[in-house]
Amino acid sequence: FKVKREYNFKAFVPITIGCNNYCSYCIVPFVRGREKSVEVKKIIRNIEGLVSRGVIEVTLLGQNVNSYGKDLNEACTFSELLENVSDIKGLKRIRFLTSHPRDFSGSIIDIIKNRDNLAKHIHLPLQAGSNKVLKEMNRNYTREDYLNIIENIREEIPDCSITTDIIVGFPGEERYDFLETLDMVRKVRFNRAFTFIYSPREGTKASKIKDYILLEEKKKWFNELLETQNRISYEENKKFVCKKFKVLVEGKSRKGEGLLEGRMENNTIVNFKGDADLIGKIIPVIITRERTFYLMGDLARKNYV
Ligand code: SF4
């Protein structure tokens, strides 16, 4: 289980490999095999080592992090793992990817709410808003289940950002199914959505389902979805203007000379003027302008958070 490090201040730490879910469109369970969890001790030792070498942010990785630990001899839930990781001294930010709505538990919401070093961001793939399509996808939750989770998150952590993945044009998806996805996007108001037009993966169950909708039609739906989500992302970003946030400076920005790029706790990217020696530090930034996919800001003061 290799740790991925592109930066010397943040790292990606795998906690599970493989997946037991068999979503009908996905090849992962066939390629990576059944889910295997990395032992808690190993993960903690690993992260402690990273922190001692200057890492301040880790992202715990798994195809379905919420089912972590079910296969371990010494039982440990994902929430318990999060608690253990959160206790590591010097670790300032913890993220995790990817959650599965089927296994998402309220205890995760509690931990994010109560622990300062857990980033207030949840990536929760919706994939489709129609119960018929969700069933065909073998996702094992309904739109009502999904909305319930969102309601709980919003109630407990109002400033938590929520991002998602959505597939458009799954075989058998009709216009009215797509409209249900659009309806979910409007209801949930995701901060950001990663959207894809369905493309078949050989060997999967979905690749054998007859598909009557033309690609041209799917592209129209896709653009409709994109337009709706982009407007929502922009409106949500606008709410951050004039507020101060802790930003982990990740490097030089490509948005302009002398600009740095960093991430807020909720994973939104912020560009602001600053010296390169701020890279790798968490600093306060006041948001000055909104864009659809990022924000502009000003350094709030010299000392670090
Ligand atoms: S989409 Fe995710 S949860 Fe579903 S089978 Fe693939 S890896 Fe597993």
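Here are the numbers for the structure shown:
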quantity	calculated
Segment 98-136: number of residues that are within 16 Å of the ligand (Cβ to nearest atom), surrounded by fewer than 22 Cβ atoms within 10 Å (Cβ to Cβ) and aliphatic (A, V, I, L, M)	1
Filtered residue count, segment 102-151, keeping only those that are over 17 Å from the mean Cα position of the chain (by Cα) and in contact (Cβ under 8 Å) with a residue 60 or more places away in the chain	5
Flag for Asn66 being more than 16 Å from the ligand (Cβ to nearest atom), assigned by TED's automatic domain parsing to the domain that holds Leu97 and in a helix (DSSP H, G or I)	no
Segment 139-168, residues that are assigned to a loop (DSSP other than H, G, I, E, B) and open to solvent by 60 Å² or more (accessible area, probe 1.4 Å)	Asn140, Pro158, Asp159
Boolean, Gly49 is within 14 Å of the ligand (Cβ to nearest atom) and over 22 Å from Lys205 (Cα atoms)	no
Test result for Val13, in contact with a strand residue (DSSP E or B) (Cβ under 9 Å, 6 or more places away or on another chain), in the same structural domain as Leu97 (by TED's automatic domain parsing) and closer than 30 Å to Pro200 by Cα	yes
Counted residues, segment 112-144 - those being closer than 25 Å to Glu224 by Cα and acidic (Asp, Glu)	2
Hey, Ile197 at pLDDT below 95 and either over 24 Å from Thr268 (Cβ atoms) or not assigned by TED's automatic domain parsing to the domain that holds Lys132 (or both) or not	no
Selection from segment 8-39 of residues that are open to solvent by less than 30 Å² (accessible area, probe 1.4 Å), away from the ligand (no atom under 11 Å from the Cβ) and not in a loop (DSSP other than H, G, I, E, B)	Lys10, Ala11, Val13, Pro14, Ser37
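Yes or no, residue by residue, for (1) under 27 Å from Lys205 (Cα atoms); (2) in contact with a helix residue (DSSP H, G or I) (Cβ under 9 Å, 6 or more places away or on another chain); (3) polar (S, T, N, Q); (4) outside the structural domain of Pro200 (by TED's automatic domain parsing):
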residue	(1), (2), (3), (4)
Tyr7	no, no, no, yes
Ile44	no, yes, no, yes
Glu57	no, no, no, yes
Lys70	yes, no, no, yes
Glu74	no, yes, no, yes
Gly90	no, yes, no, yes
Asp103	yes, yes, no, yes
Gly106	no, yes, no, yes
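The values are calculated or read from the model by the stated rules, or taken from the named source; none is laboratory data. Quick caveat, the model's predicted, so the values are computed rather than measured. Virtual Cβ from ideal backbone geometry, glycine too; neighbours counted across all protein chains shown. The accessibility values were calculated without ligands, DNA or RNA, using every heavy atom of the protein model including side chains. Shrake-Rupley method; radii C 1.70, N 1.55, O 1.52, S 1.80 Å.
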